[in-house]
Amino acid sequence: MSRTTRCRVCNGTVTEFFDFRRQPLSDCFLAPGSAVEKEFFFRLAIGVCAECSMVQLMEEVPRENMFHEDYPYHSSGSAYMRAHFEQFAKRLISTELTGDSPFFVEIGCNDGIMLRALADAGVPSLGVDPSGVADLAAAKGLRVRKSFFEDATAQEILEADGPADVIYAANTLCHIPYIGSVLSGVTKLLAPGGVFVFEDPYLGDIVERTSFDQIYDEHFFLFSARSVRFMAARHGLELVDVERLPVHGGEVRYTLAHRGARQPSPAVAELLAEEERRKISDLPTLEKFGENVQKICKDLTTLLLDLKSSGKRVVGYGATAKSSVVTNFCGIGPELVEFVSDITPSKQGRLTPGVHIPVRPHEEFSAAYPDYALLFAWNHAEEIMEKEQEFRAAGGKWIMYVPDVRVV
Ligand code: SAH
Ligand code: TMP
Ligand code: ZN
């Protein structure tokens, strides 16, 4: 049976290619003693639009259920990501924010990781983020508006502050099903010569590495150059640059400008041609991706069951939103993974969504190293392995599951 729904970008027909079945909210860590029967579940399934090729979830979770006072993700937890944003801020300052009175707007500023770099350079900036984490940015003296960015928000910012030279969103635009409203707001707020830059997990990398854990409630869209170009055109915007990024397991940074304002770089045509050649948004490719997901889950649970029966201790590393789909889809609970180590205070002492594995501070990991660490934060592997050399030296091994299950 093939299921369909309507595309959130173009109203075309979206055909489902994979069903992760019943899933909890990926960032909803339960406080001890909280009512588990109140845990929110929805059907996580993903499809592709036959008209515009946008890959998207079949069902939407109401935004207030995800982005609220208790939203636990803090961007500044990764030193590597801090450097990534600082570097890009420097580039924007020397290429785009060069006028007498530049203005930078960030959608999804979180705890201010990017805004900090701009404020330090004296660039007038405004962050927009609806979640409690926005208070952390404000506490650092950064200018933040605690709300969802959409058409009306853009209009209000325009009236109060004037047009933006750069509008930026990292790991946020793909979180927004009502993307038409965001883009129409961007079109109004963006200065005639300005750019809208956003970076998100890239469909091409997800398909190539079977990084299926990039698919969860918050990641409503998986973008490609093809789908982004189409979506931009509906709002009088043009895709003028693309840049592949190594962060978060493979992303693309897309640059949009008002139509005709800039000459598209050769990288755009190159990436479009590559996507065409690899057929990344064709149904057979996506169905094959689904088969690979099934194999990874089978291999991972087999490995964990084997380790358990031979009496080994396994601990998870990084209580990522991504790990929620892995644990819930594969059926990995506290009987297989003792606890998950995480440095984020707002996650510690809580239980992971759905399967309820305890989250503990990193100190518990280093106090008594397990035999195996299941690396849920595999997108930060380089940074983590660098700092966990003692775990290695103590005989500890890492379990990886992207692009396939292996022990290293
Ligand atoms: N930019 C940061 C944060 C990514 S997490 C980084 O790359 O690390 C996604 C953020 O988007 C969350 O802080 C969430 O509160 C915010 N968000 C979700 N919907 C939004 C919207 N409509 N407008 C602005 N921010 C939004
Ligand atoms: P992310 O993959 O969505 O960025 O989430 C990474 C999670 O892993 C986040 O909860 C913080 C945690 N983490 C650690 O516990 N230790 C680390 O060294 C890093 C980089 C992240
Ligand atoms: Zn569509």
### Query
Calculated from DSSP H runs of 4 or more alone, at -39500 (n - 2.57) each and per residue, what is the 222 nm mean residue ellipticity of the chain, nearest 500?
-10500 deg cm²/dmol
### Summary
The rounded separation in angstrom of the Cα centers of the range 243-261 and the range 173-228 is 9 Å
### Task
On a C-alpha basis, how far is the centre of the range 67-127 from the centre of the range 285-343 in Å? Whole number, if you could?
34 Å
### Query
In the chain, what percentage of the DSSP-assigned beta bridges are antiparallel, given to the nearest 5?
55 percent
### Query
By how many degrees, 0 to 90 and rounded to 10, does the Cα axis of helix 79-95 deviate from the longest principal axis of the chain?
10 degrees
### Query
Under a Cβ-Cβ cut-off of 13 Å, what is the net charge of the residues other than Leu237 that fall near it, where Lys and Arg count +1 and Asp and Glu count -1?
+3
### Nearest-0.05 FRET efficiency for Arg43 and Tyr80, computed from C-beta distance (R0 45 Å)
0.85
### Task
Identify all lysines with a Cα-Cα distance to Lys295 below 29 Å; exclude those on the same chain that are fewer than 8 residues away in sequence.
Lys279, Lys308, Lys312, Lys322, Lys397
### Query
Going 7 Å from the Cα of Ala269 in the Cα-to-Cβ direction, what parts of the range 213-244 have a backbone nitrogen less than 18 Å from that spot?
225-226, 229-230, 238-243
#### Entry: Cα-based shape type of the range 1-109, given that a ≥ b ≥ c are square roots of the gyration tensor eigenvalues and the cut on a/c is 1.5
oblate
### Task
Please list the radius of gyration and Dmax for the chain, considering alpha-carbon atoms only, with Å as the unit.
21.1, 67
### Neighbour count of at most 16 Cβ within 10 Å plus DSSP loop: longest GluC sites (Glu not before Pro)-free window in the chain
70-334
### For the range 1-83: relative contact order, % (alpha-carbon pairs under 8 angstrom, 6 or more apart)
29 percent
### Task
Could you work out how far apart the two model spin labels at Leu305 and Asp19 are, taking each label as a point 7 Å from the Cα in the direction of the beta carbon, and quote it in nm?
2.3 nm
#### Entry: Helix axis angle, 283-309 relative to the chain longest principal axis, alpha carbon, degrees
30 degrees
### 10 Å beta-carbon shell around Ala170, net charge (K/R +1, D/E -1)
-3
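No lab work stands behind these numbers, since they all come straight from the coordinates. All figures in this text were calculated on a predicted structure; none of them were measured in a lab. Positions of Cβ are backbone-derived with ideal geometry, glycine not excepted, and every protein chain shown enters the neighbour counts.
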